[in-house]
Every structure is written in structure tokens, then in C-alpha cells.
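Engineer: Take this structure, written in C-alpha cells, and hold onto it; I'll ask about it next.
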Amino acid sequence: MVKVKTKLVSWDEVVEWCRLLALKVEEDSWRPDLVVAVARGGYVPARLICDFLDIHDLVSLQILHWGKAAEITAEAHVKYPYTLNLSGKKILLVDDIIDTGDSVIIAKKFITENWKPAELKVAAMQWISPVAKIKPDYFVEDVKDWIWYQYPWTRAEDTTNFFEKILDEKAKEGKNEWSLEELIGEFKAWYGIDVGEKYYSLALKRLLDSGLLTEAGENIYRYMKEKRVSK
Ligand code: AMP
């Protein structure tokens, strides 16, 4: 039984969504002078949109908001504020997905107040319309039922965090020893996706390196709950 609705996104889907986003901007007869990627999720889409629109100016602004995969943590804020003069320029602010909308709202406010562009529009591949506090000017998918998009650029991070969540939940039922195969089995059952052996091995290595798992025999790993810290 799937516990967290998750969509495994392919690189090809990302390219197609960005092509469609660029088309929407073009059909609007609006041409940005500069693209601003909301880091980190907006990096790849912003770069692809630059390619599809033949735009050569791209900068980014890092917003911190989401913690571990599919869990909201702290308040959104600009991580590294810096100064730019964008007076007279038209800006396209790009993120991968607009969920709560907080990241884009903070980025938009910061850019408008500090970089003072002539115009700013927002583009995102996905817009979770029932929960988002802001509607992007351009989007490809209007997501009506909340789902976690497992984008290719967060695959290692998400797999590690999903493993950690499984370990933590199952520890509450008294299960603290695992084989990698068992963990992978739970992962597939909980998230309904298969990210492949390379990512499972990488996630296992990260959990061993962090001390959250320790080796307790041949292909047996023990969960060290006390090592869990929120990121
Ligand atoms: P937001 O809640 O709109 O501020 O989202 C902040 C960032 O978290 C997004 O730009 C994504 O990188 C990530 N994120 C939020 N919700 C999701 C989701 N449902 N699926 C995948 N990534 C997400």
C-alpha cells in the first residue's frame, strides 16, 4: 500500500515540460531579458528554458524552505542575499514546482524590493493549485491532487530521506535490523516507485557514513535512532 503518492520523473519529461513552458512564454509575446532560477529546484528547468528561448542571462537565488523529502520544515527565507541592479529589465523567475508557493513568494518579494526589475513573471513546470498561495504566470501541469514529484536532481537526496523515514517509522514498531533488500522492498511499497540499484546503494552508503545505520552482520544493518538529527 503506497503511503506517499510519488511520481518518478524522467529527464525526458523535464525537457518536454520546459519546452512547453518556453512555448507558453513565447505565445504570450513576452520576452524576458534575464532568467532567475529559484535554487535549488529551479536550476535545471531555468537552464532548459534559457536554451528553448535563446536567453543568455541566467542567475539564481537560493531559498530555503523544505527539509527532508516531502516534509515542510522552517520558514522560507533567502539564504544568500546579494545585490543586483535589474532596473529596466524583464525577469522570468523559474522554479520546478509551486507547492505552498512560499519559495516563489519570498523570491519575488526579495527581487522586486532589492533588484527592482521593470517586470517579473513566474514560471514553473507544476503548480499544485489547491494548496499554492500564488498562481504562476506560466505552468504546464495544474496538479489537483498533491503528489511528491521525484525529480532526477533530487533522486539521491530523496532516496536517502525516504529510507530514513521508513527506518524511523518501523523503529516505532520495534524493527531496528534490516537487510538492504528489505529496505528496498519497503521503499517500493511506501512510495510506489523504483529508483534503481545505484540510488539504493548510494542512500545506504550515506546512512552508514552518517552513523544512522551500522553494520551488524553480513548484509544486516542496525538503525541507530539516537543519531537522527533534523537537517
Ligand atoms: P514551495 O512549497 O512552493 O515553497 O516549494 C519549495 C520547493 O520544494 C520546490 O521548489 C521544490 O523544489 C520542492 N517541493 C515542494 N513540493 C514538492 C513536491 N510536491 N514535489 C517535489 N518537490 C517539491
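Engineer: Out of LYS121, LYS144, which single residue is of a type outside the set (Val, Ile, Thr) and away from the ligand (no atom under 16 Å from the Cβ)?
Structural biologist: Values: LYS144 fails: away from the ligand (no atom under 16 Å from the Cβ).
Exactly one of LYS121, LYS144 is of a type outside the set (Val, Ile, Thr) and away from the ligand (no atom under 16 Å from the Cβ), namely LYS121.
Engineer: Being more than 29 Å from PRO45 (Cβ to Cβ), modelled with pLDDT under 95 and not assigned by TED's automatic domain parsing to the domain that holds GLY41 narrows it down to one residue among GLY185, GLY174, GLY217; which is it? Even if it seems obvious, please write down each step before you answer.
Structural biologist: Details: GLY185 fails: modelled with pLDDT under 95; GLY174 fails: modelled with pLDDT under 95.
After ruling out the rest, the residue left standing is GLY217.
Engineer: With assigned to a loop (DSSP other than H, G, I, E, B), on the phi > 0 side of the Ramachandran plot and more than 17 Å from the chain's Cα centre (by Cα) as the only criterion, which of LYS135, LYS116 stands out? Full working, then the answer.
Structural biologist: Numbers: LYS135 fails: on the phi > 0 side of the Ramachandran plot.
Residue meeting the stated conditions: LYS116.
Engineer: Another one. Residues in the stretch 63-90 that are open to solvent by less than 70 Å² (accessible area, probe 1.4 Å), in a loop (DSSP other than H, G, I, E, B) and modelled with pLDDT under 95: how many?
Structural biologist: At the first step, the residues of the stretch 63-90 found to be open to solvent by less than 70 Å² (accessible area, probe 1.4 Å) are 63-65, 67-71, 74, 76, 78, 84, 86, 88, 90.
With in a loop (DSSP other than H, G, I, E, B) added as a condition, the list becomes 67-71, 84, 86, 88.
After this cut, where a residue has to be modelled with pLDDT under 95 as well, the list is 67-71.
Looking only at that region, the number is 5.
Engineer: For the condition open to solvent by less than 20 Å² (accessible area, probe 1.4 Å) and more than 28 Å from TRP115 (Cα to Cα), what is the one hit in VAL14, VAL35, VAL25?
Structural biologist: On the way: VAL35 fails: more than 28 Å from TRP115 (Cα to Cα); VAL25 fails: more than 28 Å from TRP115 (Cα to Cα).
Unique residue meeting the criteria: VAL14.
Engineer: Consider the stretch 97-110. How many of its residues are assigned to a strand (DSSP E or B) and either more than 11 Å from the ligand (Cβ to nearest atom) or touching a Lys or Arg at 6+ places or on another chain (Cβ under 9 Å) (or both)? Steps first, please.
Structural biologist: Residues of the stretch 97-110 that are assigned to a strand (DSSP E or B), as a first pass: 97-98.
From what's left, either more than 11 Å from the ligand (Cβ to nearest atom) or touching a Lys or Arg at 6+ places or on another chain (Cβ under 9 Å) (or both): 98.
Residues that pass the stated criteria total 1.
Engineer: Right, next: Quick check on my filter: what residues within the stretch 189-208 are of a type outside the set (Gly, Ala, Ser) and touching a residue at least 40 places away in the same chain (Cβ under 8 Å)?
Structural biologist: Pass one, the stretch 189-208, residues of a type outside the set (Gly, Ala, Ser): 190-191, 193-195, 197-200, 202, 204-208.
Result: TRP190, TYR191, ILE193, ASP194, VAL195, TYR199, TYR200, LEU202, LEU204, ARG206, LEU207.
Engineer: Next question. Since GLU173 meets every condition but one in (1) in contact (Cβ under 8 Å) with a residue 12 or more places away in the chain; (2) outside any helix (DSSP H, G or I); (3) open to solvent by 40 Å² or more (accessible area, probe 1.4 Å), which condition does it not meet?
Structural biologist: (1)
Engineer: Conditions first: (1) open to solvent by 40 Å² or more (accessible area, probe 1.4 Å); (2) at pLDDT 95 or above; (3) among the charged types (D, E, K, R). LYS225 passes all but one, so which condition is the exception?
Structural biologist: Failed condition: (2).
Engineer: Can you find even one residue in the stretch 186-204 that is within 16 Å of the ligand (Cβ to nearest atom), of a type in the set (Gly, Ala, Ser) and open to solvent by 20 Å² or more (accessible area, probe 1.4 Å)?
Structural biologist: Checked against the condition, which is being within 16 Å of the ligand (Cβ to nearest atom), of a type in the set (Gly, Ala, Ser) and open to solvent by 20 Å² or more (accessible area, probe 1.4 Å), the stretch 186-204 yields at least one hit.
The values are calculated or read from the model by the stated rules, or taken from the named source; none is laboratory data. Note that the structure is a prediction, hence the values are computed from the model and not measured. Here Cβ is always computed from backbone atoms with ideal geometry, including for glycine, and neighbour counts include all displayed protein chains. All accessible areas refer to the heavy atoms of the entire protein, side chains included, with ligands and DNA or RNA removed. Shrake-Rupley method; radii C 1.70, N 1.55, O 1.52, S 1.80 Å.
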